[in-house]
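Novice: Submitted below is the structure of interest, expressed as structure tokens.
The values are calculated or read from the model by the stated rules, or taken from the named source; none is laboratory data. This one's a predicted model, so the numbers in the text were calculated from it and none came from an experiment. Note that we place each Cβ from the backbone using ideal geometry, even for glycine, and neighbour counts take in every protein chain shown. Ligands, DNA and RNA are excluded from the accessible area calculation, which covers all protein heavy atoms including side chains. Shrake-Rupley method; radii C 1.70, N 1.55, O 1.52, S 1.80 Å.
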Amino acid sequence: MNYIEYIIIFVILIIIAIAITKASKKDFKLDANKLVEYLGGKENIIDYEVNKSRFIVSLKNVDLVNKEAIQKMGAKGIVEIENQLKIILGDNANQLKKYIDELN
């Protein structure tokens, strides 16, 4: 009888772990849409690429960028050089680029 109780507890813990994992995953499509919006819209973006953990974007008008919102979105840093931004996003940079590619 004890084995059945342990099996039931184990199954419940697995279900809870799966639920927590799914709830904590970021919605990258939503983040990609927000990032494009915070960069001044897709018409403001000239070009973009990913270099390791950095999302590098060339813009028509850097003044349209909402840097504070990008920081709140989880960016670890933003470097501005002329009309280019280097946004440090960490491991998620490649996945965000993929979703932004799909938006275009």
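Novice: Output the number of the condition that GLU82 fails; it satisfies all remaining conditions of (1) surrounded by 15 or more Cβ atoms within 10 Å (Cβ to Cβ); (2) at positive phi.
Specialist: Among (1) surrounded by 15 or more Cβ atoms within 10 Å (Cβ to Cβ); (2) at positive phi, the lone unmet condition for GLU82 is (1).
Novice: Now, a different point. Quick check: anything in region 61-70 under 18 Å from ASN33 (Cα atoms), crowded, with 16+ Cβ neighbours inside 10 Å and either under 14 Å from the mean Cα position of the chain (by Cα) or among the small types (Gly, Ala, Ser) (or both)?
Specialist: yes
Novice: Follow-up question, since we're still on this one. Could you check region 55-66 and list, in sequence order, the residues that are of a type outside the set (A, V, I, L, M, F, W, C) and farther than 16 Å from ASP31 by Cβ? Break it down stepwise before answering.
Specialist: To start, the set of residues in region 55-66 that are of a type outside the set (A, V, I, L, M, F, W, C) comprises 58, 60-61, 63, 66.
Answer for region 55-66, where residues must be of a type outside the set (A, V, I, L, M, F, W, C) and farther than 16 Å from ASP31 by Cβ: SER58, LYS60, ASN61, ASP63.
Novice: Does GLU102 count as at pLDDT below 90, acidic (Asp, Glu) and loosely packed, with under 12 Cβ neighbours inside 10 Å?
Specialist: Judged against the criteria, GLU102 is a match.
Novice: Could you grab the pairs with beta carbons closer than 9 Å, sequence gap of 6+ or different chains, first residue in region 86-104 and farther than 13 Å from TYR48 by Cβ, second one surrounded by fewer than 17 Cβ atoms within 10 Å (Cβ to Cβ) and among the hydroxyl-bearing types (Ser, Thr, Tyr)?
Specialist: Note: pairs meeting the criteria are ILE88/SER53; GLY90/SER53; ASP91/SER53; ASN92/SER53.
Novice: In region 45-60, how many are among the hydrophobic types (A, V, I, L, M, F, W, C) and open to solvent by 60 Å² or more (accessible area, probe 1.4 Å)?
Specialist: 1
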